[in-house]
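> Quick one: structure below, then a few questions.
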Amino acid sequence: MTSFLYRCTDCGRDYPRESVRYLCPECGKAYKPGIPLVGVLEAVFDYAAIHAGFDRLEPDWQLFCAVEHEFHPPLPVGNTPLAKVARLGTELGLPHLWVKNDGLNPSGSLKDRASFLVAAEALRIGEKRIVAASTGNAASALAAVCASAGLEALIFVPEKAPKAKLVQMVLAGARVVPVKGTYDDAFRLSLEYTAQRGGLNRNTAYHPLTLEGKKTAGLEIWAQLGFQVPDAIFVSVGDGVILGGVHKAFVDLQRAGLIQRLPRLIGVQAGASDAIHRYVQTGIYSDAPDPSTKADSISVVCPSNAHGARKAILESKGLTLAVSDDEILQAQKRLLSRTGIFTEPAGAAALAGLVKLQAGPDRLNVGDRVVLLATGHGLKDVEAPLSRVSIPAAIQPVLEAVEL
Ligand SMILES: *Cc1c(COP(=O)(O)O)cnc(C)c1O
Ligand SMILES: [Zn+2]
């Protein structure tokens with residue numbers, strides 16, 4: 001039996017699991033689309049039970065999971081590889097550098113983790129339809145997980161979402177509604193839909209289990225490092241839920257007395273989509289009015305989890321960085337050409353941030369153990385780097401035509 005309650009991250013009120021669905025009933029009254037979410041709920045577990053029940057030799061991850069195993073969709077998600085990347089690490093003055101390749105999830109991004117857990121919740125409570133707004137990956141993840149579980153996915157996406165992601169959703173059998181507008185417009189529309197027509201809303205941070213789903217990436221990092229806490233984890237940031245989820249993993253481990261300290265979280269945003277970065281720097285929130293970037297997965301005017309992400313950065317003594325599209329595309333090429341790992345521009349933002357940090361006064365120590373999260377697969381958007389790739393011209397199929 002899973003044992004947890006929901007706690008409001010703003011007012012601290014506790015709610016039994018069955019009594020709430022999305023935001024804190026009190027604080028959530030102040031929320032309206034167009035501002036960062038308020039009254040986001042977090043799952044609070046029975047940490048004494050985790051402490052007593054967790055065995056490193058035979059880890060029972062169900063102890064940290066908010067939905068019982070019997071409701072989990074059949075599509076395996078997560079457990080992605082953590083690769084030590086010595087060539088890249090040496091170049092950056094960090095011999096202990098790893099990349100967690102979450103592009104190897106079934107739909108090609110870390111979003112599968114959140115969609116998986118919300119789908120499990122839908123199966124548990126008997127909801128047949130899941131509704132989401134997405135820049136693309138959350139939707140293709142939801143479409144895939146729903147296909148495996150026999151659930152209906154209804155998806156609002158900005159019409160400019162990359163083709164590969166749209167193809168994924170449609171082929172998986174989801175009902176796809178492209179919206180003339182931004183991701184933020186799609187977000188608002190999907191909230192109106194579930195409020196008036198029903199279904200379970202999977203919007204990021206709005207459904208508290210999106211954060212819990214993304215948490216599993218952090219738990220895996222800990223286990224894959226031999227149950228060691230890394231010094232820093234670099235995460236690309238759009239709505240700030242991956243960042244918040246990875247932080248929650250280590251918070252849960254600390255509350256359960258399984259670790260003594262938190263890793264520093266380094267959040268990286270695209271220069272034009274930098275609302276959380278500026279919020280961390282100044283303490284004052286304001287939108288990123290024109291968040292256009294080639295890293296489409298982290299393009300957002302008003303990040304839904306801005307408050308939670310800032311809190312995670314401060315609590316972990318981390319920091320945020322903003323990088324240009326040029327730095328992102330350079331990092332994408334560098335990662336693939338040094339490690340063999342192909343990640344989409346949003347995933348490469350994490351490396352762009354590391355490169356930037358290493359070039360400045362706040363560079364990391366040579367002994368630090370550092371993890372980069374590669375959040376999505378490079379094949380999801382080959383258009384983005386295309387202008388920087390020159391494909392050689394074809395030759396006659398004779399040996400003399402091949403240069404020495
Ligand atoms: C969604 C996404 C992100 C950002 O996650 P947030 O929770 O929105 O901050 C980063 N990279 C990829 C590939 C994504 O799909
Ligand atoms: Zn509250």
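Derivation of every value follows stated rules applied to the coordinates shown; laboratory data play no part. Bear in mind the structure is a predicted one, so any value in this text is a computation, not a measurement. Ideal geometry is used to build each Cβ from the backbone, glycine not excepted, and the neighbour counts take in all protein chains shown.
> How much length is gained if the chain between SER390 and LEU314 is pulled fully straight, taking 0.36 nm per residue apart and subtracting their Cα-Cα distance, in nm to one decimal?
23.1 nm is the gain from fully extending SER390 to LEU314.
> Mind checking which aspartates and glutamates have their C-alpha under 14 Å from LYS317, skipping anything on the same chain fewer than 8 residues away?
ASP231, ASP362
> May I pose another question? For q values of 0.10, 0.13, 0.15 Å⁻¹, compute log₁₀ I(q)/I(0) with the Debye formula on a Cα-only model of segment 254-404, without solvent.
Values returned for q = 0.10, 0.13, 0.15 Å⁻¹ are -0.44, -0.67, -0.84.
> Can you show me the helix-derived [θ] at 222 nm for the chain, built from DSSP H runs with n ≥ 4 at -39,500 (n - 2.57) apiece and divided by the number of residues, rounded to the nearest 500. It would help to have the intermediate numbers written out before the result.
Working: 13 runs with 148 residues, N = 404.
Taken over the chain, the calculation gives -11000 deg cm²/dmol.
> Holding the Cα-Cα limit at 28 Å, pick out from LYS100/LYS165; LYS111/LYS311; LYS100/LYS333; LYS32/LYS333; LYS163/LYS311; LYS163/LYS248 the pairs that are longer than that.
LYS32/LYS333; LYS163/LYS311; LYS163/LYS248
> Just grab the label-to-label distance for ARG175 and ASP46, each label 7 Å out from Cα along the Cβ direction, in nm (one decimal).
4.0 nm
> Could you tell me the calculated FRET efficiency between SER148 and ILE125, based on Cβ-Cβ distance and R0 = 25 angstrom, to the nearest 0.05?
E between SER148 and ILE125, to the nearest 0.05, is 0.85.
> A further question on this structure: What distance in nm separates the two pseudo spin-label positions at ALA86 and SER19, each 7 Å out from Cα along the beta-carbon direction?
Each label point lies 7 Å from its Cα, and together they span 5.6 nm.
> For a Förster distance of 25 Å, can you work out the FRET efficiency between the beta-carbons of GLN228 and ASN365, rounded to the nearest 0.05? All intermediate terms of the calculation are to be shown ahead of the outcome.
Numbers: r = 16 Å, r/R0 = 0.64.
After rounding to 0.05, the efficiency reads 0.95.
> Moving to a separate point now. When the label point is put 7 Å from the Cα of SER3 along its Cα-to-beta-carbon vector, which residues of segment 237-262 have a backbone N closer than 20 Å?
Inside the label zone: 252-259.
> Find the eigenvalues of the gyration tensor of the Cα atoms of the chain, then list the square roots of 5 times those eigenvalues as equivalent ellipsoid semi-axes, largest first, in whole angstrom.
32, 26, 21
> Return a whole-number percent for the relative contact order of the chain, with Cα pairs under 8 Å and 6 or more residues apart as the contact set.
The normalised contact order for the chain reaches 17 percent.
> Would you list which aspartates and glutamates come within 17 Å of LYS180, measuring only between C-alpha atoms, while excluding same-chain residues fewer than 8 positions from it?
GLU159, GLU192, ASP290, ASP296
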